[in-house]
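> Before anything else, here's the structure in question.
The values are calculated or read from the model by the stated rules, or taken from the named source; none is laboratory data. Everything quoted here is computed from the prediction, not taken from an experiment. Glycine gets a Cβ as well: all are built from the backbone with ideal geometry, and neighbour counts include every protein chain shown.
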Amino acid sequence: MESLPTVLIKPGDADRLVAGHAWVYEGSVLRTTRAVQDGEVVQVKDHRQRFLGIGFFNSRSRIRVRMIAPERVEIDQKFFSQRILAALELRKRHMGGASSFRVVNAESDFLSGLVVDKYEKLLVLQTSSLAMDQRKSMIIDTLKEQLTPDAILERNESASRKFEGLSDSNGVLFGSYDGPITAQIGSLKLNVDLLAGHKTGMYLDQQLNYQAVARFAKGGQVLDCFSFVGGFGLHAAQAGAAHVHLLDQSEDALKLAGQNARLNSVADKCSFETTNVFDWLKANTAVRPHEKVLPRWDLIILDPPSFTRNRAAVPDALRGYKEIHLRALKLLKPGGALATFCCSHHVDANLFQDTVLSAAFDARKILRRVSTYSQAPDHPIIPMIPETEYLKGFAFELVR
């Protein structure tokens, strides 16, 4: 291997990297030993010249170096083949029955800046770092060899690309794509639009939680808020709910949800409403003086998009979370269940639960926690990289 340029780290900032974190921030860089091209591989050393690993350099990014290996290795197709094969083996161990899942989950599979999702025989690629984008053809060749997909698409429109100096890029990279496909997600077949849905088409991180929450639905009236294409609501209908009402502000998402209800023979149990969920909850809990809200629902599911992308926005996000929980609890029947989720890593599980309990206190309700949820194992968690643990959820029963 040819000599690599060196990035030296300031005193006190190396411990986080030794422990396994993948990011070297610009403020941690002491100096570089020579000029470095953006996207180039560098070796990282502490201020005493002790070797810490190699990574990808980008002078335009606040994440100055993305660590890629603790030893000096060639970053070639063999490297990507070994890393992606290791990621696939992990999925086989923990999600062996799934045909649609996340193949590569960036930092938690030690491929910072790369996400690959599999929907049956199609793959969707996201490169959120300059270095991974530069090596896209090598990654595509590796995916073709290991997974023999019918097509590979890219969904590159994340805000993080702008911080890397990259523009949006969406489309077909290999094979052909003719529109929404049908994927097996949990116990349902769901139509998914891989070029128009959220993330890479839908939320694969909730795949196991769909069925876990559905156990509270049997015989009940279910309200699925922020339903998207129906992952939670339709699993609830399939599990024996008397009726499921799905709310989302996206008309296109609810159109797909309706198709999915018919595809899984539960359309007769479902109704759909295009609305702003905050406004709907407010309108349905509004009463005149001396009136009370009449609880209607046996199971309420709250799975909103992230309310915060940075720490500065956390206080506003918590107010939003408290608002929807306060109103949802007023609509929940005694003995009913509230399943609720937060997908921001800036709000940890304890803070999220405290927000729910604060809403319950204001609503004069007592809750019993009966389940806790996390992201599916195809979204691995590396505890020393807190950003890899972002999805958390709880199920509470309303005691009174």
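> When you scan the range 276-291, do you find a residue that is outside any helix (DSSP H, G or I), in the same structural domain as GLN238 (by TED's automatic domain parsing), at pLDDT 95 or above and within 30 Å of the chain's Cα centre (by Cα), even just one?
The first filter runs over the range 276-291 and keeps only residues outside any helix (DSSP H, G or I), leaving 276, 285-291.
Applying the additional criterion that residues be in the same structural domain as GLN238 (by TED's automatic domain parsing) yields 276, 285-291.
This time we only want the ones that are at pLDDT 95 or above, so: 276.
If we keep only those that are within 30 Å of the chain's Cα centre (by Cα) too, we end up with 276.
There is at least one residue in the range 276-291 that is outside any helix (DSSP H, G or I), in the same structural domain as GLN238 (by TED's automatic domain parsing), at pLDDT 95 or above and within 30 Å of the chain's Cα centre (by Cα).
> Here's another thing I want to ask about it. Give the residue, chosen from VAL44, VAL29, VAL73, that is surrounded by 20 or more Cβ atoms within 10 Å (Cβ to Cβ) and either farther than 30 Å from LEU208 by Cβ or within 29 Å of the chain's Cα centre (by Cα) (or both).
Details: VAL29 fails: surrounded by 20 or more Cβ atoms within 10 Å (Cβ to Cβ); VAL73 fails: surrounded by 20 or more Cβ atoms within 10 Å (Cβ to Cβ).
VAL44 is the lone residue from the list that is surrounded by 20 or more Cβ atoms within 10 Å (Cβ to Cβ) and either farther than 30 Å from LEU208 by Cβ or within 29 Å of the chain's Cα centre (by Cα) (or both).
> Okay, moving on. So LEU88 fits all but one of (1) out of contact with any helix residue (DSSP H, G or I) (no Cβ under 9 Å at 6 or more places or on another chain); (2) more than 26 Å from LYS162 (Cα to Cα); (3) surrounded by 15 or more Cβ atoms within 10 Å (Cβ to Cβ); what number is the exception?
(1)
> Which count do you get for residues in the range 113-140 that are of a type in the set (Ser, Thr, Tyr) and surrounded by fewer than 23 Cβ atoms within 10 Å (Cβ to Cβ)? Step through it out loud before you land on a result.
Within the range 113-140, the first condition is being of a type in the set (Ser, Thr, Tyr), and the residues that meet it are 119, 127-129, 137.
Within this subset, residues satisfying the condition of being surrounded by fewer than 23 Cβ atoms within 10 Å (Cβ to Cβ) are 128, 137.
Counting residues in the range 113-140 that are of a type in the set (Ser, Thr, Tyr) and surrounded by fewer than 23 Cβ atoms within 10 Å (Cβ to Cβ) gives 2.
> Further question on the same structure: Is there any pair linking a residue in the range 364-384 that is under 20 Å from GLY97 (Cα atoms) to one that is surrounded by fewer than 15 Cβ atoms within 10 Å (Cβ to Cβ) and of a type outside the set (Phe, Trp, Tyr), with Cβ under 6 Å and at least six apart or on different chains, and which?
PRO377/HIS94
Condition check ((1) modelled with pLDDT of 95 or more; (2) on the phi < 0 side of the Ramachandran plot; (3) among the polar types (S, T, N, Q)) across all residues:
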| residue | (1), (2), (3) |
| --- | --- |
| TRP23 | yes, yes, no |
| THR33 | no, yes, yes |
| GLN37 | yes, yes, yes |
| ASN58 | yes, yes, yes |
| ARG83 | yes, yes, no |
| LEU90 | yes, yes, no |
| SER100 | yes, yes, yes |
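> If we keep just the residues of the range 269-303 that are touching a residue at least 60 places away in the same chain (Cβ under 8 Å) and touching a helix residue (DSSP H, G or I) at 6+ places or on another chain (Cβ under 7 Å), which is surrounded by the fewest Cβ atoms within 10 Å (Cβ to Cβ)?
ARG296
> Moving on to the next point. Can you work out which of the residues in the range 343-399 that are of a type in the set (D, E, K, R) and surrounded by 19 or more Cβ atoms within 10 Å (Cβ to Cβ) is farthest from LYS92 (Cα to Cα)? Reasoning before the result, please.
Taking the range 343-399 first, the residues of a type in the set (D, E, K, R) are 348, 354, 362, 364-365, 368-369, 378, 387, 389, 392, 397.
With surrounded by 19 or more Cβ atoms within 10 Å (Cβ to Cβ) added as a condition, the list becomes 365, 378, 392.
Working: LYS365: 43, ASP378: 9, LYS392: 23 Å.
Taking the candidates together, the pick is LYS365.
> Could you tell me which residue of the range 133-188 is farthest from GLN259 (Cα to Cα), considering only residues that are among the hydroxyl-bearing types (Ser, Thr, Tyr) and part of a loop (DSSP other than H, G, I, E, B)? Spell out the reasoning first.
Here is the first cut: in the range 133-188, the residues among the hydroxyl-bearing types (Ser, Thr, Tyr) are 137, 142, 148, 158, 160, 167, 169, 176-177, 182, 187.
Filter once more, so that each one left must be part of a loop (DSSP other than H, G, I, E, B): 148, 158, 167, 176-177, 187.
Numbers: THR148: 29, SER158: 28, SER167: 33, SER176: 23, TYR177: 19, SER187: 16 Å.
Filtering the range 133-188 for residues that are among the hydroxyl-bearing types (Ser, Thr, Tyr) and part of a loop (DSSP other than H, G, I, E, B), the one farthest from GLN259 (Cα to Cα) comes out as SER167.
> Which residues, taken from the range 307-324, are among the small types (Gly, Ala, Ser) and either touching a Leu at 6+ places or on another chain (Cβ under 8 Å) or surrounded by 15 or more Cβ atoms within 10 Å (Cβ to Cβ) (or both)? Let's see the steps before the verdict.
First pass over the range 307-324, keeping only residues among the small types (Gly, Ala, Ser): 312-313, 317, 320.
Residues satisfying the conditions are ALA313, ALA317, GLY320.
> Of everything in the range 69-99 that's part of a helix (DSSP H, G or I) and among the hydrophobic types (A, V, I, L, M, F, W, C), which residue is farthest from LEU391 (Cα to Cα)? Before you say what the answer is, go through the steps one by one.
Just the residues of the range 69-99 that are part of a helix (DSSP H, G or I), to begin with: 77-94.
This time we only want the ones that are among the hydrophobic types (A, V, I, L, M, F, W, C), so: 79-80, 84-88, 90.
On the way: PHE79: 30, PHE80: 27, ILE84: 23, LEU85: 25, ALA86: 23, ALA87: 20, LEU88: 21, LEU90: 19 Å.
The selected residue is PHE79.
> Also: Among the numbered criteria (1) out of contact with any helix residue (DSSP H, G or I) (no Cβ under 8 Å at 6 or more places or on another chain); (2) at pLDDT 95 or above; (3) among the polar types (S, T, N, Q), which one does SER3 miss?
SER3 satisfies every listed condition except (2).
> Taking only the range 235-268 into account, find how many residues are crowded, with 21+ Cβ neighbours inside 10 Å and either within 22 Å of the chain's Cα centre (by Cα) or touching a residue at least 60 places away in the same chain (Cβ under 8 Å) (or both).
10
> In the set GLN43, GLN49, which member is in contact with a Leu (Cβ under 8 Å, 6 or more places away or on another chain), part of a loop (DSSP other than H, G, I, E, B) and outside the structural domain of VAL124 (by TED's automatic domain parsing)?
Details: GLN43 fails: part of a loop (DSSP other than H, G, I, E, B).
Checking each option against the conditions leaves just GLN49.
> Looking at the range 201-259, which of its residues are assigned to a helix (DSSP H, G or I) and of a type in the set (Phe, Trp, Tyr)?
Restricting attention to the range 201-259, the residues satisfying the condition of being assigned to a helix (DSSP H, G or I) are 204-214, 231-238, 251-259.
Scanning the range 201-259 gives TYR210, PHE232.
> Which residues, counting only those in the range 100-124, are in a loop (DSSP other than H, G, I, E, B) and under 28 Å from GLY53 (Cα atoms)?
Taking the range 100-124 as the starting set, the residues that turn out to be in a loop (DSSP other than H, G, I, E, B) are 110-113, 120-121.
Of everything in the range 100-124, those that are in a loop (DSSP other than H, G, I, E, B) and under 28 Å from GLY53 (Cα atoms) turn out to be PHE110, LEU111, SER112, GLY113.
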